[in-house]
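Report on the structure given below.
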Amino acid sequence: MTKQSGNFEVVRASAGSGKTYRLVLRYLECALQYDNPRSFSRILALTFTNKAAAEMKARILRDLKGISEGGVDKKEELSKLLNISEETLIEKAKVLHMEMLHRYSDIAVMTIDSFVNRLVRSFARDLALEQDFRIELDSDKVIDEAVSQLLNKVGEDGNKAITDLLEGFSKSQIEEDKDARVRQPLNDLGKSVVNENMRDVVNSLAEIPLEKFKVLSLELREITRIPEKILREASKKALLEIDRLEMSDADFSGGTVPKNLRKFRNGKIVELNKTTRKHFLEPETMVRKTASNELKDKALELGGFLSPVYEAAINMLPETESGKRYTLALKLGKRMDLMGTLSELHKEIEKVQTDNNIRTLGAMHEMISRIVRNNPAPFIFERLGNRFSHIFIDEFQDTSITQWHNLVVLYDHALSTNNKTLVVGDGKQAIYRWRNGDYKQLMTLPKLLGDNLGMALEDASLTLEREIINDGLEDNWRSGKEIIEWNNALFEEIKNHLPQELKEVYDGLRQKPKTKFNGGVHLETIVEDNVSDRELKRSEIVVDRIKDYLNQGFKSSDITILVRTNREGAVLAQDLLKANIKPMTEESLHMGRHPGPLAVVALMRWLLRPDDHRQGSTILQCAVALREGAMKLMKDSGEEFDESLELINEAACLDKYVTILDKKSDEEGGKIRSYGSFKTQEMLNDIFPELRAVERSSEPLVGFVGHCCMSLGITKFYPTYAEGMIELAREISGSDESGLHGFLRLWDGKGKDRSVVTGASKDAVQIMTVHKAKGLAFTITIVILSAKDFSKFRGVIPVKLDEGSAMPISAAMLGNYDMRDTSVEDQRVAEVNRVILDQVNVAYVAFTRAIERLDIILELEKDDFNRDEVKTVGELIVKSLEVINDGKDVLEGGDLTPDKGAPLEMPEEVNNVIELDNLQTGESVKHLVSIPHDERSNVVHNGLNARELGTQVHSVLEKIICVDDWSKVKKKISTGLNIGKQDLKEIVSRVEGVLNLKEAKSFFKKGIHVEAERDFVNEDGKVVRPDRIVKDGDVWHVIDYKSTESGQDKHVRQVEDYVNMLKQIEESEVKGWILYTDPLKLVSIL
């Protein structure tokens, strides 16, 4: 293998340039350089999503298979890189391919979070964690619990300081024209607390005793009180002098001076306009030119009293250092309650994690970081138990500083042993800042960002600097030539208008088209100052564009619409449905917006509070919508009409089921008031005769929800929503808060915001967010860029306060307007620049997804916006296009490229992703907790049926490597499984029966090679998982556990496939067995 100048390869790859090709090439190069085919397990490749990891594994295996069959892709390159003949390469590829299929679980292609999970479990003792801790994937769940605990302290004895802080926090919400209720703002604040970039300010505030926040508020008030007092007293003296001189407002030009002095008399100032300044500095100008000499003399005499006022005012305005200090202290004072609340919330979040023996992923990264900084890489490898010789990271621009610090020591170790490493990224595609990604890391490589790096990181930085090889990929293999050239011109011009510190991100962006077709770009603009008007026009344009493309010969499945937010996608999806265009979405259809789930939730609330007549009204409204939708679906699909269905007359129902009662107030002379009573049960009996909500409400939650969905017609006509509700019920059934109350708590918290997944089909238009689209490509891409102001940031950010600020704290949380025109203005500008880059990058990612057609819908609030101070990415694009077109108006839109070409004949898409048997696709429900492998069976209900008993026996046998393990495993399941005594007795009996079965004892004896539940891939590319593989001497045995003999023919075929596969891989004798546990029997297959 030819030695290059360095082994730390940094590839900056623009969209569509073939970065996955480069990653797979390097992986194969490293895997094929070793004589031992199992060395592929020494290669670690990290991505950001499970989907990307699965796709990379599939690509590696596919390319490896292609090379082993003599395919040309990568064969010539690999032969040169490895300095071997193509014949030798093919033979090595065959062996490696078979080995990777057999040891699929050893392919170390995973997400960064998965890898950190492994690290954490290896460091559990060092981190003082109990071995059965869990990683909480949904930090919002932890935050919500912490907020509840914090609010529970309000008003309690001994918690006055907390109560005062929260009262102050609530008042600050009102002052900002927000709701006085604090739970949601506290949840939002909690999300800020767990962000990586908040660590320094949170740690700084955590050192401040709770009671001291009040003291700090007083100190800040003192800073502002002094200049206010000076202004107040100077203004009063000037006003007294005016009285002494017997001057009236009419004596002053415009009455400016006395009017301002009366304003300043309260010690406050907003601004000094040009005229006021002149009058204060040049007293003769404060009176009219035609004024008498006597009046002019008085003005000059008054001038001596105005100078102190002017000086005091200037010292309170941001144009002076003292004014900046005053403004900052004033803003900080208003934020002290927020910062104190943040500090206490942070403590509660830590407490929730400790009390429940869980940790969020963010906490895990931080804990690992503390160990990594001050320990050498060999120590980390020793704990991990696996030495990776090669490490690759994809989408490096989205890596957080802490994530990179946790990994860089592993790079250091790999490089010190002369092994190849790689990072691939593109600063233009950095769109995950909300996930702590920092694009600057890619720009500054090999240097590391951060302070106080520590010994290990400083050493690693030196190694990276010594070994770095910078490379770039300039070709674009994805989009049509016209699309590429248009994007080149647009973003080169946009770069000219970016802040100076961002320009570097777009250096070298021009790409060379490698495709043979033209492609086309189409622009539409929407100019409306009202959001709802823009949304209406947006839907109209999208529908028209879709119909136009369908008329051109494209299919619905060729079209993908990219939006910024889930809400935009949800609105658009509903509008497409109204236009008889089927949408396919992974994220846009929220359950909380559909009448089906809303009806079930209202039904639950009514069951818990039968006198709450509002729920009956809600159920009726939902029923009307459900029935209308069902009838429309039947009509559109051409189904035979269900005679039992008819439209529900809501007005008639209200007349029938609502009774108005008059009731006199209990107070003396009280008025007679009318109250409505809703006959909910009677209505349900009439409209949904099969519904037995009251009778079945005591059943298990999943069964009850399923019954409701079936009876209300949701299952038949809206199956995706029914599935989503049932999944929510399953989720809550496994928790401590089962039942209707638990379901409603989950629904009110996050359940209502969950999305359902509509299935993919060839007649559906796809809708997804730009963030989900990253890494993908679409034949036709319609991009919607809504008007979003990037000239300011939302919420609060962490701010460092150096000694020069003269503030009593070293860090703070401040908003955009808190920081403007203060000593921390530079930090505000830096944050605004990040917001600008976020939005420009989102546009870049969206525009580079298109293969044949790119449609852009720009939304503007007005067309005569200030070209010198653009505030949205839409305005920036319009301005740039006007420059490109020599000032020509571009708002009319239309086709922007001359020759689009006809639609290409695209081959049918082949699914190359390996299918996992137990993988459930879809995102209607999040899996909240990542449970260690040996805990997956810990939650089991009582009264197991035959199939469930078999599953538990299977799970226990999986944990037993040899018979000596049984006593330990038996003890663990006896204390860990939440099942009845009789079920446990049966499980133990069956397992012991297997271990004592004479014919099967050899499979569990000591000293033999055992592989339990090991993944490998069959010829169809499907991951299969034999229950147990053992090697006894020179003979391999495949054993599959089955509960009963039912379906024996299928069992036999399955084991035969396993045996044939293993024979092909190991090239030695393989025997197959089926071990039935009820009744106990061992059957030889081959």
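Each reported figure results from applying straightforward, stated rules to the coordinates on display, with no laboratory input. The model shown is predicted, which means the values in this text are computed figures rather than measured ones. In this analysis, Cβ positions are derived from the backbone assuming ideal geometry, glycine residues included, and neighbour counts consider all displayed protein chains.
So, with +1 on the Cβ of K and R and -1 on the Cβ of D and E, and no other charges, what is the size of the charge dipole of the chain about its Cα centre, to the nearest 20 debye? Intermediate results must be reported in sequence, preceding the final value.
Working: 154 positive and 180 negative charges, 337 e Å.
My answer is approximately 1620 debye.
I need the peptides 24-31, 954-961, 861-868 ranked by packing, meaning the mean over residues of other C-beta atoms within 10 angstrom, with the highest value on top. Working shown, then result.
Working: 24-31: 21.6, 954-961: 19.0, 861-868: 11.9.
Sorting 24-31, 954-961, 861-868 by mean packing, highest first, produces 24-31, 954-961, 861-868.
Provide the FRET efficiency to the nearest 0.05 for the THR417-HIS771 pair, computing r from the beta carbons and using R0 = 35 Å.
Details: r = 37 Å, r/R0 = 1.07.
Efficiency, from the Cβ-Cβ distance: 0.40.
Taking H placed 1.01 Å from N in the peptide plane, check which residues at least 5 places from LYS420 or on another chain put their amide H under 5 Å from its amide H.
Excluding prolines and chain starts, which carry no amide H, there are no hits.
Relative to the longest principal Cα axis of the chain, at what angle does helix 719-733 sit, 0 to 90 degrees, rounded to 10?
90 degrees
Between ILE469 and residues 5 or more places away or on another chain, which pairs have amide H atoms under 5 Å apart, with H built 1.01 Å from N, and which residues are they?
Under 5 Å from the amide H of ILE469: PHE8, GLU9, VAL10.
For the chain, what does -39500 (n - 2.57) per DSSP helix run (n ≥ 4), summed and divided by total residues, give at 222 nm, in deg cm²/dmol to the nearest 500? Walk me through the numbers on the way to the answer.
Numbers: 40 runs with 535 residues, N = 1086.
Mean residue ellipticity at 222 nm (helix-derived): -15500 deg cm²/dmol.
Which angle between 0 and 90 degrees, to the nearest 10, do you get for helix 19-32 versus the longest principal axis of the chain when only C-alpha atoms count?
Taking the Cα atoms of the chain, the angle to 19-32 is about 40 degrees.
Could you order peptides 785-795, 690-700 by the average number of other Cβ atoms within 10 Å of their residues, highest first? Intermediate results must be reported in sequence, preceding the final value.
On the way: 785-795: 16.4, 690-700: 13.6.
So the peptides 785-795, 690-700, ranked by packing, come out 785-795, 690-700.
If you average 1/r over all unlike Cα pairs in the range 987-1086 and invert the result, what Kirkwood radius do you get in angstrom?
Numbers: mean 1/r = 0.0717 Å⁻¹.
The answer is 13.9 Å.
Ratio of the range 749-855's C-alpha Rg to 2.2 N^0.38 Å, to two decimals? Intermediate values should be presented prior to the final figure.
Details: Rg = 20.2 Å, N = 107, 2.2 N^0.38 = 13.0 Å.
Computed over Cα atoms of the range 749-855, the ratio equals 1.55.
Would you mind telling me the antiparallel percentage of the DSSP bridges in the chain, rounded to 5? Each step should come with its number before you reach the end.
Details: 34 of 95 bridges.
The antiparallel proportion sits near 35 percent.
Could you order the peptides 966-972, 247-253 from most to least packed, using the average number of other C-beta atoms within 10 Å per residue?
Numbers: 966-972: 13.6, 247-253: 15.4.
In descending order of packing, they fall as 247-253, 966-972.
Ratio of the range 136-356's C-alpha Rg to 2.2 N^0.38 Å, to two decimals? Present the calculation step by step, with values, prior to reporting the outcome.
On the way: Rg = 24.7 Å, N = 221, 2.2 N^0.38 = 17.1 Å.
Dividing the Cα radius of gyration by 2.2 N^0.38 Å gives 1.45.
Any idea what % of Cα-Cα pairs in the chain are farther than 40 Å? List each step's numbers first, then the result.
Values: 345010 of 589155 pairs.
Pairs farther apart than 40 Å: 59 percent.
Does anyone have the angle between helix 531-551 and the longest principal axis of the chain? Alpha-carbon axes, 0 to 90°, nearest 10?
The answer is roughly 40 degrees.
If you rank ARG478, ARG38 by fewest surrounding Cβ atoms within 10 Å, what's the result?
On the way: ARG478 21, ARG38 14.
By the 10 Å Cβ count, ascending, the order reads ARG38, ARG478.
Could you tell me what % of all Cα pairs in the range 440-508 have separations over 18 Å?
Above the 18 Å cut-off, the range 440-508 has 58 percent of its Cα pairs.
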